[in-house]
Every structure is written in C-alpha cells, then in structure tokens.
C-alpha cells in the first residue's frame with residue numbers, strides 16, 4: 001500500500017494525489033502512517049496529511065456523497081426517460 005499513489009489529473013496542469021505518508025508521534029516516539037494529499041495547480045503544490053479520525057470522517061462523507069449522487073442521477077435519468 002505504501003508504494004501506491006492514486007492520481008487525478010486534468011488537462012490544465014492541475015492534479016490531486018493520495019498516498020500513504022510515514023510520520024511519527026512524539027512523547028513517546030512512535031512511527032505511524034497517515035494519508036497524504038497533494039493538490040497541484042500550474043506549478044503550485046499544497047500538501048496535507050489526514051490522520052485516522054479525519055480519514056474515517058472523509059470516508060463517511062464520500063460514501064454519503066456517492067449514495068446521494070447515485071440516487072439523484074438514477075432519479076434524473078428516470079425522469080428523462082418519461
């Protein structure tokens with residue numbers, strides 16, 4: 001998993017990347033992993049890290065978004081078919 005990167009790119013030199021980030025806790029020292037996110041746009045790069053709790057919240061948001069989008073699109077297509 002640590003060598004896998006999920007990339008979303010567009011044709012305007014912009015992109016979004018996700019990967020596993022090695023990091024650590026202090027006091028006591030402990031090696032941990034988080035989700036790394038990079039947003040790029042025309043040479044500018046912003047990096048973020050997402051801890052376990054934030055990742056769980058993001059996954060919940062994405063799952064709810066998917067359910068809503070699928071429901072909306074299915075309903076919308078059904079109306080067009082009438």
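Averaging 1/r across all pairs of distinct Cα atoms in segment 1-50 and inverting the result yields a Kirkwood radius of 12.0 Å. Against the longest principal axis of the chain, how steep is helix 52-81, in degrees 0 to 90 to the nearest 10, with axes from Cα atoms? The answer is roughly 10 degrees.
The stretch between residue 10 and residue 27, if pulled fully straight at 0.36 nm per residue, gains 1.9 nm over its current Cα-Cα span. Across the chain, C-alpha contacts under 8 Å between residues 6 or more apart give a mean separation that, scaled by the residue count, equals a relative contact order of 19 percent. Considering the chain as a Gaussian network with a 10 Å cut-off on Cα pairs, which listed residue, 41, 30, 51, attains the greatest mean-square fluctuation? Highest fluctuation of the listed residues: 30. Give me the extension gain from residue 80 to residue 49: residue separation times 0.36 nm, minus the current Cα-Cα distance, reported in nm with one decimal. Gain on extension, residue 80 to residue 49, equals 7.0 nm.
Each reported figure results from applying straightforward, stated rules to the coordinates on display, with no laboratory input. Everything quoted here is computed from the prediction, not taken from an experiment.
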